1. Output yes when any residue across segment 96-106 is assigned to a loop (DSSP other than H, G, I, E, B), closer than 16 Å to residue 28 by Cβ, at pLDDT 90 or above and within 17 Å of the chain's Cα centre (by Cα), and no when none is.
2. Hey, among 30, 73, 81, which residue is exposed (fewer than 10 other Cβ atoms within 10 Å of the Cβ) and in contact with a strand residue (DSSP E or B) (Cβ under 9 Å, 6 or more places away or on another chain)?
3. Grab the helices (runs of 4 or more DSSP H) fully contained in segment 8-89, keeping just those with 2 or more residues being under 15 Å from the mean Cα position of the chain (by Cα) and without any contact (Cβ under 8 Å) to a residue 12 or more places away in the chain.
4. Against the conditions (1) in contact with a strand residue (DSSP E or B) (Cβ under 8 Å, 6 or more places away or on another chain); (2) within 21 Å of residue 94 (Cβ to Cβ); (3) modelled with pLDDT under 95, where does residue 23 fall short? Just the number, please.
5. Taking the residues in segment 37-51 that are out of contact with any helix residue (DSSP H, G or I) (no Cβ under 9 Å at 6 or more places or on another chain) and modelled with pLDDT of 90 or more as candidates, determine which candidate is farthest from residue 96 (Cα to Cα).
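The values are calculated or read from the model by the stated rules, or taken from the named source; none is laboratory data. What you see is a predicted model, and the numbers here were worked out from it, not measured in a lab. In this analysis, Cβ positions are derived from the backbone assuming ideal geometry, glycine residues included, and neighbour counts consider all displayed protein chains.
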């Protein structure tokens, strides 16, 4: 079986696509929260922080569209909507932890705006 190595441009394009899935202001926050378990919309809203309902809804829909988050609706009365990570979403938890560990070790070394460094803390 022949393994075809990706070209540099294919690697760049794939990396851009993956980062695009995480690029929304609240995407990483929601993914970290859902890594702890299934949550109702209201729980996500209150636990994520200073996010508007519109921004959170947009983020959840985008993550669902990208296959990272699953939306579960119960048929009980009243309806109950919960969100959880899909297997694809779970597969991002390890790279996110690696990125966090890198940021904890190296962000102090990186020149940049002080507010950007504070956001990472």
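1. There is no residue in segment 96-106 that is assigned to a loop (DSSP other than H, G, I, E, B), closer than 16 Å to residue 28 by Cβ, at pLDDT 90 or above and within 17 Å of the chain's Cα centre (by Cα).
2. So the residue among 30, 73, 81 that is exposed (fewer than 10 other Cβ atoms within 10 Å of the Cβ) and in contact with a strand residue (DSSP E or B) (Cβ under 9 Å, 6 or more places away or on another chain) is 73.
3. The qualifying helices (runs of 4 or more DSSP H) are 8-22, 53-65.
4. It fails just one condition, (1).
5. The selected residue is 42.
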